[in-house]
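Structure first, commentary second.
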Amino acid sequence: MKSILFKIGLLSILFLFSFKPEAQEFQGQAFYFSKSKMELGSWGARMSEAQKKDVQARLKNRLEKTYILTFNKEESIFKEENKLDAMSGATDSWGKNFARGEQYKNVKENALVQSQEFYGKRFLVKDKLQDIQWQMGKESKQIGQYLCFKATAVVPTSELTWYDFSWGDLREDENKEDAANTTSEVPEIKMTEVEAWYTPQIPVGHGPAEYWGLPGLILEVSAGNTTMLCAKIVMNPQEKITIEAPDKGNEITKTDYRSTIQGKMLEMRNNRGRRRPGR
């Protein structure tokens, strides 16, 4: 009898030590804030310092943002926290049309699903994750309680800002198209240098925005005129969080989404031009 009880107890202990939690049971949340430098170009050269400060205050919601990245071993959801406009107390409706929507990444399946909205119409962008060829560095620094290591990459600018548009982008694309029609030269592809800092102490391949694929969570990333920095991390929160990909909207790829929105903006510009003579 004692021999049987001993065997049962031994099997129970072996079972407990051999049990490995599934990927979904490993969870965390990283809270980021981003800051972008205001680029006024030739227009800004004609402005006084007071005017620049006024513009910066009005554009605060677009220059400074906060985000939450919720992740497990394989999946993550990245989304912006909603804030009121600093000047009017209202949401930034124009900027919202060109802001990054809720973004789902699955690093195991190399899958991106992102919810985008343009003037009330919903799109569900489904594509592969952006391939980033990271160059691993030896430099290290401390971010909070985490030891981080540096990695760099060069990525096509359009792949980092495929959801963002401006009238200037529209004119630039039209100029490229005209140049392509009149010359055999291949249009130059704009590239952006990326600097990231990741921590192996959290061994997941996730990061904010389009960034992923390093042997540790990315806590800081700088690209172009924007820097994102992790301010707080909560590992394995008591309340379990479900990570699910967005599922509402017209399914479309990144390339087709960009073409669709550019077409809508061109239509808006042409309609505005036709209305002017009647004023």
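The values are calculated or read from the model by the stated rules, or taken from the named source; none is laboratory data. If you're wondering where the values come from, they're calculated on a predicted model, not measured in any experiment. Cβ: placed from backbone, ideal geometry, glycine included. Neighbour counts: every protein chain shown.
Of all residues in the stretch 216-256, those that are buried (at least 21 other Cβ atoms within 10 Å of the Cβ) and either among the hydroxyl-bearing types (S, T, Y) or touching a His at 6+ places or on another chain (Cβ under 8 Å) (or both) total 2. Which of the residues belonging to the stretch 102-126 are among the β-branched types (V, I, T) and under 16 Å from R258 (Cα atoms)? Once the filter is applied, which keeps residues that are among the β-branched types (V, I, T) and under 16 Å from R258 (Cα atoms), the stretch 102-126 yields V113, V125. Being at pLDDT 95 or above, assigned to a loop (DSSP other than H, G, I, E, B) and surrounded by fewer than 20 Cβ atoms within 10 Å (Cβ to Cβ): is that true of P203 here? The answer is yes for P203.
Residue count for the stretch 117-162, restricted to those that are assigned to a strand (DSSP E or B) and not acidic (D, E): 27.
Taking each residue of the stretch 119-133 that is in contact (Cβ under 8 Å) with a residue 24 or more places away in the chain and looking for partners that are surrounded by 12 or more Cβ atoms within 10 Å (Cβ to Cβ) and basic (K, R) with beta-carbon atoms closer than 7 Å, six or more apart or interchain, yields V125/K254; D127/K254; L129/K105. Considering the stretch 108-133 alone, what residues qualify as being among the hydrophobic types (A, V, I, L, M, F, W, C), closer than 25 Å to E195 by Cα and touching an Asp or Glu at 6+ places or on another chain (Cβ under 6 Å)? Residue satisfying the conditions is L112 alone.
Residues checked against (1) at pLDDT below 65; (2) surrounded by 12 or more Cβ atoms within 10 Å (Cβ to Cβ); (3) of a type outside the set (V, I, T); (4) touching a Gly at 6+ places or on another chain (Cβ under 7 Å):
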residue: F26; (1), (2), (3), (4): no, yes, yes, no
residue: S42; (1), (2), (3), (4): yes, no, yes, no
residue: Q51; (1), (2), (3), (4): yes, yes, yes, no
residue: L59; (1), (2), (3), (4): yes, yes, yes, no
residue: L69; (1), (2), (3), (4): no, yes, yes, no
residue: K79; (1), (2), (3), (4): no, yes, yes, no
residue: L84; (1), (2), (3), (4): yes, no, yes, no
residue: A90; (1), (2), (3), (4): yes, no, yes, no
residue: Q116; (1), (2), (3), (4): no, yes, yes, yes
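The requirement of being surrounded by 11 or more Cβ atoms within 10 Å (Cβ to Cβ) and touching a strand residue (DSSP E or B) at 6+ places or on another chain (Cβ under 6 Å) is not satisfied by G213.
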